[in-house]
Amino acid sequence: MTQFVDAAAPAATPALRLAGMTVFSRRAERLLALADGHPMRDFLLFCAALARAQHACLATRVEHAVADSASLRQLLTLLQRHLDVELPPDSHSALLCLLALDDAALQALADALRHGQYDAHSPLAAAWPLLGAALQVQATIVVRQQDIAALTASETECCPACGGLPVASVLRRGDSGHAVRHVCCSLCASEWHVSRVKCVACGNTRQLQYRSLADRDAAAPQPDRKQPHAHRGTQELECCDSCHGALKVVSRLQDAQADAFADDVASLALDLLAGDAGYGRIGFNPYFLPAQD
């Protein structure tokens, strides 16, 4: 029997960690905590409502969802029902248009979004995060229904469980006391082990920079070899000078409640600064789908 490891639970360092049944409810709690006093408060609160709706869908459809357009359509309808008045009018209208598509058209849009591809100027654009949310629930369920005993988690860019792109890295304290890094899938939220200092996209280990947000007047912390993570931020951005890719690093060493998706959305300013510096995001976060060049 396959054992599912809750990706938030402390344990030995597995090569592959699958999301537990509370993945969306924990994410909602983290989003609510981050929203307090945040400049993007309203958006974070909507993401929290969306995560709560995902949790309700996961509980409802856990034994039934399959990777097809009919199941996806049912999940979208459930999300709409659970969000109710919290769904903005433009998103509601776009979702109705999305649901009116035939199965082939809906599946084509879903397949594109799985690979981070979408039309930001489409009349359906306001529904893309809802489609992404439905894909996340679907992928989480489908992965849990698979026999993953034969899966091998290699240090690649794509999720070994569902093939999804990364959303962020997560740092935890390993058995030896050092930081251990897992990359989190943007779809099924499975996590696979990757070397601590390595570009997920190109494998580079030498030309990496780590950027974080700080108060303009704050003094730079002094490095401490005995406690190298003591002054690191909960949310950092790993930037590769070889391929010019960037991936968020979320540290549970700094905050045990940190969540790859929630903390990524709450630190979008890092992505904007990195974009200005010429770095492009590796992977994507279905909660936030910006205009594309």
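The values are calculated or read from the model by the stated rules, or taken from the named source; none is laboratory data. Remember, it's a predicted structure, so these values are computed and weren't measured experimentally. Here Cβ is always computed from backbone atoms with ideal geometry, including for glycine, and neighbour counts include all displayed protein chains. These accessible areas exclude ligands, DNA and RNA; they are computed on the full protein's heavy atoms, side chains included. Shrake-Rupley method; radii C 1.70, N 1.55, O 1.52, S 1.80 Å.
Things worth noting here:
- Selection status of residue 105, over 15 Å from residue 130 (Cβ atoms), part of a helix (DSSP H, G or I) and open to solvent by less than 40 Å² (accessible area, probe 1.4 Å): yes
- Leading residue by the ranking (modelled with the lowest pLDDT) among those in region 60-72 that are surrounded by fewer than 18 Cβ atoms within 10 Å (Cβ to Cβ) and over 15 Å from residue 143 (Cα atoms): 70
- If the condition is being closer than 18 Å to residue 181 by Cβ and either out of contact with any strand residue (DSSP E or B) (no Cβ under 8 Å at 6 or more places or on another chain) or modelled with pLDDT of 90 or more (or both), then region 212-227 contributes only 227.
- Residue-level check: of (1) farther than 29 Å from residue 146 by Cβ; (2) outside any helix (DSSP H, G or I), residue 42 misses just (2).
- All positions within region 27-48 that are within 19 Å of residue 83 (Cβ to Cβ) and either buried (at least 19 other Cβ atoms within 10 Å of the Cβ) or touching a Phe, Trp or Tyr at 6+ places or on another chain (Cβ under 6 Å) (or both): 27, 28, 30, 31, 35, 44, 46, 47, 48
- Selection over region 256-293 of residues that are open to solvent by 20 Å² or more (accessible area, probe 1.4 Å) and part of a helix (DSSP H, G or I) gives a count of 6.
- Flag if residue 87 is under 20 Å from residue 45 (Cα atoms) and surrounded by 17 or more Cβ atoms within 10 Å (Cβ to Cβ): yes
- Region 91-102 - residue that is assigned to a helix (DSSP H, G or I) and among the aliphatic types (A, V, I, L, M) and, of those, farthest from residue 73 (Cα to Cα): 94
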